[in-house]
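Taking it in order: structure first as structure tokens, then the write-up.
The values are calculated or read from the model by the stated rules, or taken from the named source; none is laboratory data. Predicted model only: the values in this text are computed from it and were never measured. Glycine also receives a Cβ, built like all others from the backbone with ideal geometry; neighbour counts cover every protein chain displayed. Surface accessibility is based on the protein's heavy atoms, side chains included, excluding ligands, DNA and RNA. Shrake-Rupley method; radii C 1.70, N 1.55, O 1.52, S 1.80 Å.
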Amino acid sequence: MSDKLHFETQAIRAGIHRSAFEEHSEGLYLTSSFVFSSAAQAAARFSGEEPGYIYSRFTNPTVSALQERLAALEGAEACVATASGMSAILACVMGLLKSGDHVVASRGLFGATVQLFGNLLQRFGIETSFVSPVDVAEWEAAARPATRLFFVETPSNPLTEIIDIAALSAVAKRAGAWLAVDNCFCTPVLQRPLELGADLVIHSATKYLDGQGRVLGGAVLGRKELVMEGVFGFLRTAGPCLSPFNAWVILKGLETLNIRMQAHCAAALQLARWLESQPRVERVYYPGLPSHPQHALARRQQGSGGGIVSFDVKGGREAAWRVVDAVRMISITANLGDTKSTITHPATTTHGRISPEARAAAGIGEGLLRVAVGLEAIEDIQADLARGLAA
Ligand SMILES: *Cc1c(COP(=O)(O)O)cnc(C)c1O
């Protein structure tokens, strides 16, 4: 059904296979295993001769529905859902790489992703070089014969730096490496990395895909041979799979993804413009502003600026914390992609575990704040921030 329908329609309709009860809403299959009619059928299912469900660590109808819908939205051949965004990245690495392989990754990654590549994977013989989140030439220079994977987020977290995915994909191909793009900030509403030449797309479904801050989830998307033989092979053996309940919540989230993203983007642009006019704000980082260094690339690659606005407050940590402590409505929490606006001081929270030198190299200063703009009235969001900026 998916091919000819529009994006908004697929977000609502793709992946639905009704049961014998003809339910209208997506069915929620809370079951750990599935029964067979005979010993012969059990054997045929296990050997793969007969398609069908066996056990929810490998496959579950609700999880399959989510995978099918998300694959339709990203334009992917295959999708596997995972327990969280981090387990999606882990499954990608464990499924496709081996000891001795080398990774080139952006310096502007989510904090836990930096920990994973920078520390944990090193213990298993996978080395990572961290390079510029904007300059493709640095990636080319960092590639080695053992390089197997390029890993990037665009826009980066929290500074919203943009890299040219098509240009990076050309460099990855020359280096013999797969390009994986963490598409958490943009979602397929704004950006479809596979169409731009990426080999893999990673999602933290915890963010905009759920969109209401309820559950954790993740996904890996791409060509069938990479996703099903590599990533799914790891997942079915090692087990960081998505629960059917969480898959169901995320399926319902996808139904409103398009209109939510449009609203997040419109509000974020308005907030970014307002922040730029505030005397206590030193700099605003938002791809939708003409002052953003990659504004033209952002317009071409992701349509609009997204829902995340970061800004430097004059006066360092003290001044930034004053803004955080003055809010009465905006939630002080590290989550993003929620209908509720959130505010974070990256240097002491999401990026607090990386060294001060690495933080400085990534451009994350003590005065930096990140706001994930929710769907409340923009006037209320501005008023909440104005209090701390006026103090
Ligand atoms: C949150 C996040 C992750 C990790 O996702 P979890 O679901 O929290 O494990 C990865 N990448 C980005 C960009 C994120 O924002």
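MET86 meets each of the listed conditions (1) buried (at least 24 other Cβ atoms within 10 Å of the Cβ); (2) within 16 Å of the ligand (Cβ to nearest atom); (3) part of a helix (DSSP H, G or I) apart from (1).
Across the range 120-139, the number of residues qualifying as in a helix (DSSP H, G or I), over 17 Å from ILE162 (Cα atoms) and away from the ligand (no atom under 16 Å from the Cβ) comes to 3.
Looking only at residues that are out of contact with any helix residue (DSSP H, G or I) (no Cβ under 7 Å at 6 or more places or on another chain), closer than 13 Å to ALA247 by Cβ and not in a helix (DSSP H, G or I) in the range 41-83, which one is farthest from the ligand (Cβ to nearest atom)? Checked the range 41-83; the qualifying residue farthest from the ligand (Cβ to nearest atom) is THR59.
When we screen VAL131, VAL114 for residues that are of a type outside the set (S, T, N, Q) and under 24 Å from HIS295 (Cβ atoms), the only hit is VAL131.
Can you go through ARG280, ARG299, ARG273, ARG260 and tell me which one is open to solvent by 30 Å² or more (accessible area, probe 1.4 Å), under 22 Å from the mean Cα position of the chain (by Cα) and at pLDDT 95 or above? Spell out the reasoning first.
Values: ARG280 fails: under 22 Å from the mean Cα position of the chain (by Cα); ARG273 fails: under 22 Å from the mean Cα position of the chain (by Cα); ARG260 fails: open to solvent by 30 Å² or more (accessible area, probe 1.4 Å).
Only one candidate qualifies: ARG299.
Using the structure shown, decide if ALA142 is out of contact with any helix residue (DSSP H, G or I) (no Cβ under 8 Å at 6 or more places or on another chain), of a type in the set (A, V, I, L, M) and surrounded by 21 or more Cβ atoms within 10 Å (Cβ to Cβ).
On the way: out of contact with any helix residue (DSSP H, G or I) (no Cβ under 8 Å at 6 or more places or on another chain): yes; of a type in the set (A, V, I, L, M): yes; surrounded by 21 or more Cβ atoms within 10 Å (Cβ to Cβ): no.
Considered against the rule, which asks whether it is out of contact with any helix residue (DSSP H, G or I) (no Cβ under 8 Å at 6 or more places or on another chain), of a type in the set (A, V, I, L, M) and surrounded by 21 or more Cβ atoms within 10 Å (Cβ to Cβ), ALA142 comes out as no.
Only residues in the range 177-190 that are under 13 Å from LEU226 (Cβ atoms) count as the first member; pair them with residues that are acidic (Asp, Glu) and more than 10 Å from the ligand (Cβ to nearest atom), Cβ under 8 angstrom, at least 6 apart or cross-chain, and list the lot. Here the result reads TRP178/ASP199; LEU179/ASP199; ALA180/ASP199, each pair linking the range 177-190 to a residue that is acidic (Asp, Glu) and more than 10 Å from the ligand (Cβ to nearest atom). Scanning the range 98-122 for residues that are open to solvent by 20 Å² or more (accessible area, probe 1.4 Å) and of a type in the set (A, V, I, L, M) returns ALA112, VAL114, LEU120. Counting the residues of the range 136-181 that are over 14 Å from ARG107 (Cβ atoms) and aromatic (Phe, Trp, Tyr) gives 1.
Selection of the range 183-208 for residues being under 22 Å from SER243 (Cβ atoms) and either more than 10 Å from the ligand (Cβ to nearest atom) or open to solvent by 10 Å² or more (accessible area, probe 1.4 Å) (or both) yields CYS184, THR187, VAL201, SER204, THR206, LYS207.
Apart from one condition, ALA386 fits all of (1) at pLDDT 95 or above; (2) assigned to a helix (DSSP H, G or I); (3) open to solvent by less than 10 Å² (accessible area, probe 1.4 Å); the exception is (3). Being open to solvent by 20 Å² or more (accessible area, probe 1.4 Å), in contact with a Phe, Trp or Tyr (Cβ under 9 Å, 6 or more places away or on another chain), in the same structural domain as VAL227 (by TED's automatic domain parsing) and among the small types (Gly, Ala, Ser) is the requirement here; does ALA72 meet it? In short, yes. Across the range 283-294, the qualifying residues are those that are touching a Phe, Trp or Tyr at 6+ places or on another chain (Cβ under 9 Å) and open to solvent by less than 70 Å² (accessible area, probe 1.4 Å), and the one among them that is nearest to ALA386 (Cα to Cα) is VAL284. Just checking, does the range 12-22 include any residue being open to solvent by less than 70 Å² (accessible area, probe 1.4 Å), in a loop (DSSP other than H, G, I, E, B) and within 16 Å of the ligand (Cβ to nearest atom)? Scanning the range 12-22 turns up no residue that is open to solvent by less than 70 Å² (accessible area, probe 1.4 Å), in a loop (DSSP other than H, G, I, E, B) and within 16 Å of the ligand (Cβ to nearest atom).
Yes or no: ALA166 open to solvent by 10 Å² or more (accessible area, probe 1.4 Å), closer than 28 Å to SER291 by Cα and small (Gly, Ala, Ser)? Even if it seems obvious, please write down each step before you answer.
Values: open to solvent by 10 Å² or more (accessible area, probe 1.4 Å): yes; closer than 28 Å to SER291 by Cα: yes; small (Gly, Ala, Ser): yes.
Yes; evaluated as a whole, the condition is true for this residue.
Screening ALA91 with (1) within 18 Å of the chain's Cα centre (by Cα); (2) more than 12 Å from the ligand (Cβ to nearest atom); (3) of a type in the set (Gly, Ala, Ser) gives one miss only, at (2).
If you check VAL220 against the conditions, is it under 19 Å from CYS186 (Cβ atoms) and within 16 Å of the ligand (Cβ to nearest atom)? So VAL220 fits the description; yes. Does GLY213 satisfy the criteria of being open to solvent by 30 Å² or more (accessible area, probe 1.4 Å) and within 13 Å of the ligand (Cβ to nearest atom)? Considered against the rule, which asks whether it is open to solvent by 30 Å² or more (accessible area, probe 1.4 Å) and within 13 Å of the ligand (Cβ to nearest atom), GLY213 comes out as yes. If you go through the range 24-52 and keep only what is of a type in the set (Phe, Trp, Tyr) and either modelled with pLDDT under 95 or open to solvent by less than 20 Å² (accessible area, probe 1.4 Å) (or both), you end up with just PHE46. Those helices (runs of 4 or more DSSP H) of the range 153-255 in which 2 or more residues are of a type in the set (Phe, Trp, Tyr) and over 17 Å from the mean Cα position of the chain (by Cα) occupy 232-238, 244-255.
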